[in-house]
Amino acid sequence: MAVSVGLHLLILLIAISGWSWSSSDFEPPPRSISARLISPEPRPAPAVTEVDQPDEAEQRLVEDRKLLEQQREAEQQRKAEEQKKKQEADARVQQQAEQKREEQAQEKARVQAEKQKQAQAAEAAKLKADAEAKEQARQKAEQQAERQRQEAERKADEQKQLEEQRKKAEAERQKHEKQAQEQAEQKRVEAERKRQEAERRLREQNLKALAQQATDAEADQARKSQQAAAARAREAQMLTDAEKYQELIRARVTEVWYYPSSTTEGMKVQLQLSLLPTGELIGVTLVRGSGNTAFDNSALSAVRSLNRYPVPNDRDTFERYFRRFTIEFTPSR
């Protein structure tokens with residue numbers, strides 16, 4: 001019995017140690033070992049001859065060891081497979097990463113090559129443009145030089161033609177100048193003759209003009225004397241007609257004028273009348289009042305009461321004396 005208990009404890013310790021060793025990577029479900037200790041009632045053992053037979057507990061221990069060994073092998077195989085799978089997965093990830101890095105490197109190299117290609121194209125275009133610009137500048141310089149040469153030749157030709165024209169013009173000028181001098185001399189002689197003839201005629205004309213002026217002055221003086229006499233006669237006639245018609249107007253106004261009873265000696269009122277050539281009254285204005293409103297109004301009423309005033313038929317006399325004139329009212333009148 002003591003041996004059985006010891007075997008069971010040994011198996012338990014091995015199981016515990018195996019579990020502790022494998023629990024870091026894999027924890028299989030614990031294997032339960034059921035052991036029951038049966039203690040029969042003590043009875044005297046028969047006297048039997050001992051025979052060597054295999055111990056059942058030891059056999060079970062061996063089987064348990066085999067089972068544990070199989071489990072460890074299976075666990076190791078499982079771990080190996082998992083490690084292999086992890087390595088394969090890591091390898092695939094690393095391969096994918098490497099492939100991605102390679103693709104990125106290829107893309108970067110392609111972009112760099114494209115940029116380099118563009119830069120080379122741009123450089124080539126720039127070189128081409130520079131070459132074309134230089135060629136254009138060269139052609140332009142050649143054209144400019146050719147134009148300058150042609151311009152110089154043209155100016156030289158023009159200068160030559162101008163010089164020839166100048167010489168020709170100078171010869172013509174000298175010729176014309178000589179002819180002009182000859183003609184001027186002839187004209188001077190002719191002009192001198194004509195001047196003398198003109199002076200002679202002018203003297204004759206002046207003498208005739210002086211005689212005519214004297215005659216005209218005498219006639220003008222006589223005409224002016226006649227006109228002055230006629231004007232004086234006209235003025236006298238107009239004045240006479242004016243005085244006559246002024247008296248007629250005073251008489252007509254006096255006939256229709258009725259001054260008030262409050263009128264006193266010394267009152268005077270002056271009115272300005274405006275007439276038409278037909279004698280009709282256009283308007284009347286109080287020029288100077290008497291200080292008595294009734295007296296002034298009576299004069300205004302008398303002037304306005306006449307439909308037509310006697311005026312001369314002569315237009316000049318009317319315009320001078322009766323187009324606008326002043327009349328004075330006094331009680332004595």
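The values are calculated or read from the model by the stated rules, or taken from the named source; none is laboratory data. Since the model is a prediction, treat every value here as computed from it, not as a measurement. Backbone-built Cβ (ideal geometry, glycine too); neighbour counts: all protein chains shown. Only protein heavy atoms, including side chains, enter the accessible area calculation; ligands, DNA and RNA are left aside. Shrake-Rupley method; radii C 1.70, N 1.55, O 1.52, S 1.80 Å.
Details
- Failed condition for K117, given (1) open to solvent by 100 Å² or more (accessible area, probe 1.4 Å); (2) in contact with a Gly (Cβ under 6 Å, 6 or more places away or on another chain): (2)
- All of R154, R65 fail the test of being open to solvent by 80 Å² or more (accessible area, probe 1.4 Å), at pLDDT 85 or above and closer than 30 Å to H8 by Cα, apart from R65.
- For T240, the conditions (1) farther than 18 Å from D316 by Cβ; (2) assigned to a helix (DSSP H, G or I) all hold with the exception of (1).
- Of the listed requirements (1) of a type in the set (S, T, N, Q); (2) modelled with pLDDT under 90; (3) within 30 Å of I14 (Cβ to Cβ), Q76 misses just one: (2).
- Here the condition is being closer than 30 Å to Y321 by Cβ, free of Cβ contacts under 8 Å to residues at least 60 places away in the same chain and open to solvent by 80 Å² or more (accessible area, probe 1.4 Å); of K224, K178, it holds for K224 alone.
- Cβ separations smaller than 7 Å between residues 6+ apart or across chains give no pair from segment 144-173 residues that are among the small types (G, A, S) to residues that are open to solvent by 90 Å² or more (accessible area, probe 1.4 Å).
- Q196 part of a helix (DSSP H, G or I), modelled with pLDDT of 90 or more and either loosely packed, with under 11 Cβ neighbours inside 10 Å or in contact with a helix residue (DSSP H, G or I) (Cβ under 6 Å, 6 or more places away or on another chain) (or both): yes
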